[in-house]
Amino acid sequence: MTGGYGIAARGRYRVGKVMKLEWSRELGASRGGLFGYCHMSKRHFRDDPYWVTSTNTKYLFRQIHDSSSNQPFRMMPFDISKCARPNILALEPYRCARDDYKDDGTNILLDANENAYGPGLALSSDGKLVNGANKSDISIDLLGLNRYPDPHQHELKQLLCDFRNTHAHTNKDLSPEHLFVGVGSDEAIDALLRAFCTPGKDKVLTCPPTYGMYAVSAQVNDVEVVKATLDVNNNFSIQADKINVRLSADPQIKLIYLCSPGNPTASLVQKEDVQKILEHPSWNGIVVLDEAYIDFAPDGTSLAEWVLEWPNLVVMQTMSKAFGLAGIRLGAVFASEEVARVLNNMKAPYNIPNPTSQLAVQALQPHNLQVMRENRAKIIEQRDRMLKAMPKVPGIGCFLGGRASNFLLVEMLDKPNGRPSNEVALQVYERLAETRGVVVRFRGKEPGCLGCLRVTVGTKDEVTRFLQEIKSVLADVYAGKGKVNGVNGKIEDRKEVEANGIIA
Ligand SMILES: Cc1ncc(COP(=O)(O)O)c(C=O)c1O
């Protein structure tokens, strides 16, 4: 034993070179307020029954402070690096849109594909519920909040079915038994992985460029991701034949995530291509069609009701986009009864908060659906305006992908009429956000997306601002007020990766 201990004011003492420690008051009144520093040895405490069983100096002190972090933690056998699952420890914290640029009223947020025109609910212009003749009928039962919510959400599910029973793809009718509802479709993405993929063994197939949460959820679940890139020379269509070859070769693939309309491509997946995969002669797995943006596509495009024809098809949807209700976090999975049952059996009992389901039920009432459709029409009008106006801006190149969503994927060029450039795209992205308060998404590192920004369609005023600012920012960049040719290539690369790495 070297060192010693003495009475001191509460504080931290360096022990050896590594640790700081303090005695806990829990050790007894006589030691209360005593702080020790020593090279630890069990001999020192051998008479103390509290410590005597320990053969590891780590057990000797109730409280210890890591000298590097100054964060107190309990001294005990607990070691998170050996206790948590290695794939979870390996996770990099991913960034979401609202981590970087807040929704505090100062920015025009064209980065997260939210609904710029607001919730699909009959509200007054100051956001109050409309009562009177054109009643919104929205009354959240606050007095009932002491009770757990309905675990089954039958009414909500029936309304979702009524909305999707278009009979465009089958004569059969969806019923609540074909549905799972979750906390956004992000919960559904995760639930499907947990239901169908054995960690460390099974795989999922994704088709980049695509929504980042499929891969994040796969990693969380220790499931390998196999990639079958979209056909970048053919409007980002899926390569069904190539996918089928992969499926034949690798039966460990249990799920395929297809996104229709795609994010960030806005291209619709062709029904015939989905069918080719569904008809695979030997593969035993599920095709998940993510239709988060389907209500911006022409009516009748959704394949939700097609799950009645294909037990290996699952269709995910959300109220976050066309319905303008990202804040309530409501996603839905349409599936065969047996798949829906599996998902419902494994969910947390009360996963949908009561206010969420009350608002979702209201959003599906005819007068509120009318508001959703009006907002959608306004977005489509602004999307068409952007499609016409943006090509006239010097330095803006082609729109890539499709048009079936509330965002556009568009190239930034190294000079007017030049070639797509990530350096310019990154500068435009940064300058728009930092100096003009207009936030879009950099997608230039995705396959087939060189030089691309993804721009959510905004309100009429937002689009006007966006068009002015992007024109002026591009002019600044070309005038040499920026660093078009990457003064420091490494920093540019890092920034591109970071900007591209915003997941949701
Ligand atoms: C393709 C796609 N799927 C799912 C989601 C997640 O939606 P939710 O808000 O329902 O979790 C998003 C969100 O941006 C998305 O782009």
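The values are calculated or read from the model by the stated rules, or taken from the named source; none is laboratory data. Since we're looking at a predicted model, the values are computed, not measured. Because the Cβ atoms are built from the backbone with ideal geometry, glycine has one as well, and the counts that use them run over all protein chains shown.
Restricting attention to region 110-166, the residues being modelled with pLDDT under 85 and either hydroxyl-bearing (Ser, Thr, Tyr) or within 30 Å of Ile470 (Cβ to Cβ) (or both) number 5.
Are there any helices (runs of 4 or more DSSP H) wholly within region 401-504 with 1 or more residues that are modelled with pLDDT of 95 or more, and if so which?
Numbers: elements: 422-436, 460-476, 489-500.
The qualifying helices (runs of 4 or more DSSP H) are 422-436, 460-476.
Hey, any hits in region 183-199 for a residue that's hydroxyl-bearing (Ser, Thr, Tyr), within 27 Å of Gln370 (Cβ to Cβ) and free of Cβ contacts under 8 Å to residues at least 24 places away in the same chain? Walk me through it before giving the result.
Narrowing region 183-199 to residues hydroxyl-bearing (Ser, Thr, Tyr): 185, 198.
In the following step, the residues that additionally are within 27 Å of Gln370 (Cβ to Cβ) were identified as 185.
Now narrow it down to the ones that are free of Cβ contacts under 8 Å to residues at least 24 places away in the same chain: none.
Checking region 183-199: not a single residue is hydroxyl-bearing (Ser, Thr, Tyr), within 27 Å of Gln370 (Cβ to Cβ) and free of Cβ contacts under 8 Å to residues at least 24 places away in the same chain.
Answer yes or no: is there a residue in region 300-321 that is β-branched (Val, Ile, Thr), in the same structural domain as Val204 (by TED's automatic domain parsing), in contact with an Asp or Glu (Cβ under 9 Å, 6 or more places away or on another chain) and more than 13 Å from the ligand (Cβ to nearest atom). Taking every residue of region 300-321 in turn, at least one turns out to be β-branched (Val, Ile, Thr), in the same structural domain as Val204 (by TED's automatic domain parsing), in contact with an Asp or Glu (Cβ under 9 Å, 6 or more places away or on another chain) and more than 13 Å from the ligand (Cβ to nearest atom). Take Leu409 and decide whether it is surrounded by 16 or more Cβ atoms within 10 Å (Cβ to Cβ), of a type outside the set (Gly, Ala, Ser) and assigned by TED's automatic domain parsing to the domain that holds Thr456. In short, yes.
Each residue in region 263-287 was checked for being among the acidic types (Asp, Glu) and not in a helix (DSSP H, G or I), and 1 pass. One residue stands out in region 91-128 among those that are in contact (Cβ under 8 Å) with a residue 24 or more places away in the chain and farther than 24 Å from Thr318 by Cα: the one that is farthest from the chain's Cα centre (by Cα), namely Thr106.
Given the criteria modelled with pLDDT of 95 or more, over 24 Å from His169 (Cα atoms) and out of contact with any helix residue (DSSP H, G or I) (no Cβ under 6 Å at 6 or more places or on another chain), does Ala348 qualify? Judged against the criteria, Ala348 is a match.
Screening the candidates Val232, Val225, Val204 for the property of being within 17 Å of Glu446 (Cβ to Cβ), in contact with a strand residue (DSSP E or B) (Cβ under 7 Å, 6 or more places away or on another chain) and more than 12 Å from the ligand (Cβ to nearest atom) yields one hit, Val225.
Mind telling me which of the residues Arg329, Arg341 ends up being in the same structural domain as Thr170 (by TED's automatic domain parsing), in contact with a helix residue (DSSP H, G or I) (Cβ under 7 Å, 6 or more places away or on another chain) and surrounded by fewer than 23 Cβ atoms within 10 Å (Cβ to Cβ)?
Working: Arg341 fails: in contact with a helix residue (DSSP H, G or I) (Cβ under 7 Å, 6 or more places away or on another chain).
None of the others qualify; the one that does is Arg329.
Considering the conditions (1) within 16 Å of the ligand (Cβ to nearest atom); (2) touching a residue at least 40 places away in the same chain (Cβ under 8 Å); (3) buried (at least 21 other Cβ atoms within 10 Å of the Cβ), Ala218 is excluded by exactly one of them, (2).
Only residues that are more than 9 Å from the ligand (Cβ to nearest atom) and under 29 Å from Leu123 (Cβ atoms): list them for region 282-299, please. Spell out how you get there, then give the answer.
Of all residues in region 282-299, those more than 9 Å from the ligand (Cβ to nearest atom) come to 282-289, 294-299.
Scanning region 282-299 gives Ile294, Asp295, Phe296, Ala297, Pro298, Asp299.
Figure legend. Inter-residue proximity from region 316-337: first residues over 16 Å from Asp162 (Cβ atoms), second residues more than 10 Å from the ligand (Cβ to nearest atom) and of a type in the set (Lys, Arg), beta-carbon distance below 6 Å, spacing 6+ or different chains. Indicated pairs: Ala322/Arg376.
Taking the criterion of being farther than 15 Å from Asp290 by Cβ and of a type in the set (S, T, N, Q), the residues of region 182-240 that qualify are Thr198, Gln219, Asn221, Thr229, Asn233, Asn234, Asn235, Ser237, Gln239.
Tell me yes or no: at least one residue of region 175-197 is assigned to a strand (DSSP E or B), within 16 Å of the ligand (Cβ to nearest atom) and among the aromatic types (Phe, Trp, Tyr).
Looking only at region 175-197, we keep the residues that are assigned to a strand (DSSP E or B), and these are 179-182.
The next check asks that each one be within 16 Å of the ligand (Cβ to nearest atom); those that pass are 179-182.
Next, from what is left, pick out any that are among the aromatic types (Phe, Trp, Tyr): 180.
Yes, the conditions are met somewhere in region 175-197.
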